[in-house]
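Asks: Pasting in a structure now, in structure tokens, and then I'll have a few things to ask.
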Amino acid sequence: MPRPPTMEDVARTAGVSRSTVSRVFQNGGERVSPDAMIQVHEAARRLGYVHNLVASGLAMRHGRQLGLLIRDATNPAYGHLHAEMNRAVEAIGRTLISVTAFRHDYGTAEVEGLNRLIGQRVAGVFVGTGVTAAEDLVETVTATPMMILGRPNTHPQINSVSYDEEAHGRLMAEQIAAQGHRRIAVLTAPLLYSRVFDLRMRSLVQRCEELGIISVPVELLPVEQGVGRALDAAREEALSCIVCPVDYVALELLRAAAARGVRIPEEISTVGFDGLGDGLDLLGLATVRLPVEELARQAVALMEELLVRAQDDAEGPPPAPHGAGDRDAAGEGEGEQLLLTRHSPRHAVVAGSFVPGRTLSAAPGHLRG
């Protein structure tokens with residue numbers, strides 16, 4: 001079996017030095033002329049050379065690769081997050097390596113995927129999943145900077161940039177109230193299934209109570225049966241709106257309603273969350289759109305700060321202020337307090353926006369409170 005082509009082979013074929021080839025593939029072509037760049041890429045194409053990102057990351061003092069653990073890429077919310085994270089990471093001259101967990105695995109595949117990413121020697125890792133508890137993530141990662149994406153997080157050791165799901169739940173409740181709905185069904189799932197769903201629905205129910213709306217919980221899982229139960233509850237308990245925790249559940253509800261001959265929104269309204277699937281505008285689904293692009297931008301910027309901070313720490317701690325060796329009444333040194341403040345994690349939240357649609361309309365007159 002012939003050996004795979006090497007960087008030396010590419011340099012020889014392109015008529016340039018090995019260091020030039022290295023700069024093209026490892027440093028984004030820094031200090032390489034456009035003509036030499038073209039020669040190197042053409043030689044690599046002819047030889048079938050594929051650059052080893054892992055090896056280059058190990059060879060470089062600071063790896064340029066970042067890792068992303070993502071859940072269920074078939075879900076438009078995660079698919080869009082993956083695309084926007086790729087775009088944001090490439091914009092700062094880094095490369096994104098991703099691992100996808102399966103939707104219905106409750107944590108095991110996520111932890112295994114995280115370990116695989118760390119084994120790739122990524123400089124930092126993003127965790128864009130909704131299941132594994134932060135406490136379990138802390139046990140997995142030690143020296144590698146880590147950040148939770150999207151889902152709620154307040155863990156004192158993990159940075160995060162999250163969607164403001166509390167605000168999203170309140171926003172949807174207010175939109176429902178504005179249409180005159182006073183008795184609604186709320187599809188709910190266990191915390192283990194999705195921390196995001198749980199926070200959305202709890203926030204919505206709380207705001208509904210404040211607005212005088214009665215919410216009837218309906219078990220979501222399994223989804224195909226849950227939407228049927230919601231339609232049954234709406235008929236039996238005179239409910240005028242069904243709240244779905246995510247758009248793909250709302251689509252299942254629309255299918256089930258059509259199969260039963262239930263007219264939406266004439267007989268009952270429905271809403272979802274995420275607002276990212278293709279064709280939702282054609283269906284007219286009322287939803288809350290997640291600010292994926294802004295979340296990715298903020299997350300990558302914060303990760304860069306974490307990596308700079310980690311490098312500063314590796315080169316030595318900052319000079320201790322005068323008197324840092326003295327202990328206060330609680331037994332804490334001023335220098336330690338300064339270091340703690342400097343390293344305190346940040347928990348940013350980004351709010352989305354309501355997308356109106358035909359599926360949410362005024363409650364039928366006989367169902368208004």
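Asks: Restricting the calculation to Cα positions, tell me the Rg (one decimal) and the Dmax (whole number) of region 253-294 in Å.
Replies: Using the Cα atoms of region 253-294, the pair Rg, Dmax is 12.1, 40 Å.
Asks: Okay, next question. If you rank Glu209, Glu174 by how much accessible surface each has, with a 1.4 Å probe, what is the order from largest down?
Replies: From most exposed to least exposed: Glu209, Glu174.
Asks: What are the residues whose amide H is under 5 Å from the amide H of Ile148, where those residues sit 5 or more places off or on another chain and H is modelled from the backbone?
Replies: Long-range HN contacts for Ile148: Val127, Asn159, Ser160, Val161.
Asks: Can I ask one more? Using modelled backbone amide H atoms (1.01 Å from N, in-plane), which distant-in-sequence or interchain residues come within less than 5 Å of Leu187's amide H?
Replies: Counting only residues 5 or more places away or on other chains, the set is Val218, Val243.
Asks: Can you compute the modelled spin-label distance between Arg255 and Ser19, with each label point 7 Å from Cα toward Cβ, in nm?
Replies: Result for the modelled spin labels: 6.1 nm.
Asks: Using +1 at the Cβ of each Lys and Arg and -1 at the Cβ of each Asp and Glu in region 175-236, identify which of Val186, Ala234, Ser203 lies farthest towards the dipole's positive end.
Replies: So the residue we want is Ser203.
Asks: Which of the trypsin sites (Lys or Arg not before Pro) found in region 239-312 are in a DSSP loop and have at most 11 neighbouring Cβ atoms, other than their own, within 10 Å?
Replies: Arg263
Asks: Continuing with the same structure: Heavy-atom accessible area of Ile214 with all protein chains present, probe 1.4 Å, nearest 10 Å²?
Replies: It works out to around 90 Å².
Asks: Here's a follow-up. So what is the accessible area of region 157-302 per residue, in Å², with the probe set to 1.4 Å?
Replies: Numbers: 5830 Å² over 146 residues.
Result: 40 Å² per residue.
Asks: What do you get for GluC sites (Glu not before Pro) in region 224-306 restricted to DSSP loop and a cutoff of at most 16 other Cβ within 10 Å of the site's Cβ?
Replies: Glu237, Glu266, Glu267
The values are calculated or read from the model by the stated rules, or taken from the named source; none is laboratory data. Everything numeric here is computed off the predicted structure, so don't read it as measured data. Cβ coordinates were reconstructed from backbone atoms using ideal geometry, including for glycine residues, and neighbour counts include every protein chain displayed. Surface accessibility is based on the protein's heavy atoms, side chains included, excluding ligands, DNA and RNA. Shrake-Rupley method; radii C 1.70, N 1.55, O 1.52, S 1.80 Å.
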